[in-house]
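The values are calculated or read from the model by the stated rules, or taken from the named source; none is laboratory data. All figures in this text were calculated on a predicted structure; none of them were measured in a lab. Note: ideal-geometry Cβ built from the backbone for every residue, glycine included; neighbour counts use all protein chains shown. Just so you know, the surface numbers come from the protein's heavy atoms only, side chains and all, with ligands and any DNA or RNA stripped out. Shrake-Rupley method; radii C 1.70, N 1.55, O 1.52, S 1.80 Å.
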Amino acid sequence: MANNQQPRDSFGTKLGIIAAAAGSAIGLGNIWKFPYITGVFGGGAFLVVYLICIALIGLPVMLAEFIIGRRGQKNAIGSFKALAGDSKWYLSGTMGIASAFMILSFYGVVAGWTLDYVIKSLTNTFAGLSPDEIGGVFGGLVSSTWTPIAWQILFMILTGFIVVAGIKDGIEKYAKILMPILLVILLILDIRAITLPGASKGLNFLFKPDFSKLSVEAVLSALGHAFFSLSLGMGTMITYASYINKKENLGITALQVTIADTAIALLAGVAIFPAVFAFGVEPSAGPGLVFITLPNVFQQMPGGYFFGILFFSLLSVAALTSSISILEVVVAYFSEELDFDRKKATILATVAITIVGIPASLSMGIMSDLQIFGLNFFDTLDYISANILLPLGGLIISVFVGWRLGRNNVRDEVTSGGKYKAGYIPVFLILTKVVAPIAIAIVFLNGILG
Ligand code: TRP
């Protein structure tokens, strides 16, 4: 295989690494899923638990993945094999391939909705509609058969196309230019949202915790979403880190990506909840929350027509910089471990994942009767991947770095062989050895059995 003779593809610049890793982390998870599950689980208290999960579990696990990937210099499975021989650790990478399949299959569906919303915005579909009617437009889209599938297929083709183009030309170039624009749009939306009449109700909902509302399930979902939003627990950051230059400071990079990801989620929350209350949308409306709320906001702002188009276009791009990172996990595995040609691996993975996504799309329409433990197929994929597989993967990654890789390897990798100071190493080791695994295990067992 070519990989054995040539140096591996790598990210060109420092900004490129952060942009690519942040591009993976920042996506529909921040702007679609975070607000909707925060709404479902009652607001502020959920946010507090989520932030604790990010700081105590997410951040250390991200650094752990960076360490494994850059030290292993391979995909999610190969890196474990490179670092731990043939012991069974690599099976967590295998589990990651399964997570990647599940996540991307429903992710592609939601990304398809955002593409459809670009067109709906262009054609001014929402003009003059009441909040209820806007809700109806969303319901009409997701319950129809062919339209969402067509968009999902288009989105998956775009994803596959960029992954074939390779790391430098594909991922890095797009992420660097477009993500900062998304940030600016969100800030503008925030300003509009908090100046809506009655905005304070939404801000209270988001920032005033009421812990009596917090359920065990909410805690598990907060943990699962910390992994989902930071792209952890299935090998994405392992795979990306294998492309990071040996000279980069991994600890700083992990911190920057975590802060950027969390900030975008909060900005999305601030844009959405004031509007939820101002327009009388149910905060617990579910997966449609963003798609129903924001078109109302665009109706109520100068230049809203253009902001709407721009917002849904950039959200599609954010989804794309995430979806390529999910597909990359599968493709790197197929091409490096199974010796598939990269192009063939990409086509195979893209087609398979798209096919699994079709019933996910239909589960909000003609297949809504198909329920698994009370969840439709779309929610089942989401639940199993985010709430079960990712935390489990994160637990293994954390234990692996804390106990198996050990202090000297960790020190060597995070200091780039002594180049950087890393006074946080003792704290990091306590978090990965003890705190994160125990916290994940407790939340997990309570959530699953409780
Ligand atoms: N983090 C991305 C988002 O918030 C989705 C994503 C990309 C992901 N890669 C991942 C989720 C790996 C879990 C694991 O939209």
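Excluding ligands, DNA and RNA, what is the solvent-accessible area per residue of the chain at a probe of 1.4 Å, expressed in Å²?
For the chain, the solvent-accessible area averages 37 Å² per residue.
Round to the nearest 10 and give me the degree value, 0 to 90, for the angle of helix 44-53's Cα axis relative to the longest principal axis of the chain.
Compared with the principal axis, the helix lies near 10 degrees.
Pairing the Cα long axis of helix 14-25 with the longest principal axis of the chain, what angle in degrees results, from 0 to 90 and rounded to the nearest 10?
The angle comes out at about 60 degrees.
Name the residue farthest towards the positive end of the dipole of the chain from the options Thr415, Ala278, Ser200, assuming +1 on Cβ of Lys and Arg, -1 on Cβ of Asp and Glu, about the Cα centre.
Farthest along the dipole direction, towards plus: Thr415.
May I ask you to rank Val270, Val216 by accessible area, largest first, using a 1.4 Å probe over the protein chains only?
Highest to lowest solvent-accessible surface, that is Val216, Val270.
Carbon and sulfur atoms: what percent of the 1.4 Å accessible area of the stretch 215-348 do they account for?
Carbon plus sulfur share of accessible area: 66 percent.
Residue by residue through the stretch 132-138, what is 3J(HN,Hα) from phi via Karplus (6.51 cos²θ - 1.76 cosθ + 1.60, θ = phi - 60°)? Round to whole Hz and write x for glycine and proline.
Once rounded to whole Hz, the list reads 4, 5, 5, x, x, 5, 4.
What's the center-to-center distance, using Cα atoms, between the stretch 338-413 and the stretch 183-223 in Å?
28 Å
Using the Cα centre as the reference, give the magnitude of the dipole from point charges on the C-beta atoms of the chain (Lys, Arg: +1; Asp, Glu: -1; all else neutral), rounded to the nearest 20 debye.
That gives a dipole near 1360 debye.
Sorted by average packing, counted as other Cβ atoms within 10 angstrom per residue and highest first, what order do 423-435, 242-254 take?
For the peptides 423-435, 242-254, the packing ranking is 242-254, 423-435.
May I ask for the angle, rounded to the nearest 10°, between helix 342-362 and the longest principal axis of the chain, with both axes built from Cα atoms and the value confined to 0 to 90°?
40 degrees
Using the alpha-carbon centroid of each, what span in Å lies between the stretch 44-96 and the stretch 112-163?
Their Cα centres are 34 Å away from one another.
Build a GNM of the chain with springs between Cα atoms under 10 Å: which of Gly394, Gly402, Gly27 gets the top mean-square fluctuation?
Gly402
Specify which residue in the list Leu294, Val142, Ala226 is farthest towards the positive end of the charge dipole of the chain, using unit charges on the beta carbon of Lys, Arg (+1) and Asp, Glu (-1), about the Cα centre.
Of the listed residues, the answer is Ala226.
Using the Cα centre as the reference, give the magnitude of the dipole from point charges on the C-beta atoms of the stretch 20-97 (Lys, Arg: +1; Asp, Glu: -1; all else neutral), rounded to the nearest 20 debye.
Dipole of the stretch 20-97, to the nearest 20 debye: 200 debye.
So what are the ³J(HN,Hα) numbers for the stretch 308-313, from phi and the Karplus equation (6.51, -1.76, 1.60; θ = phi - 60°), rounded to whole Hz, Gly and Pro as x?
x, 4, 4, 4, 5, 5
Dipole magnitude of the stretch 285-436 about its Cα centre, charges +1 at Lys/Arg Cβ and -1 at Asp/Glu Cβ only, in debye to the nearest 20?
I would put it at about 640 debye.
Between Ser316, Ser130, Ser200, where does the largest GNM mean-square fluctuation fall for the chain, given springs only between Cα atoms within less than 10 Å?
Largest GNM mean-square fluctuation: Ser130.
For the stretch 382-397, what does the Karplus curve 6.51 cos²θ - 1.76 cosθ + 1.60, with θ = phi - 60°, yield as ³J(HN,Hα) per residue in whole Hz, taken in order and with x for Gly and Pro?
Here the 3J(HN,Hα) series is 4, 5, 5, 6, 6, 8, 10, 5, 5, x, 5, x, x, 4, 5, 4 Hz.
What 222 nm value per residue comes from the helices of the chain, counting each DSSP H run with n ≥ 4 as -39,500 (n - 2.57) and dividing by all residues, nearest 500 deg cm²/dmol?
-22000 deg cm²/dmol
Carbon and sulfur together cover what percent of the accessible area of the stretch 68-181 at a 1.4 Å probe radius?
The nonpolar share, carbon plus sulfur, comes to 68 percent.
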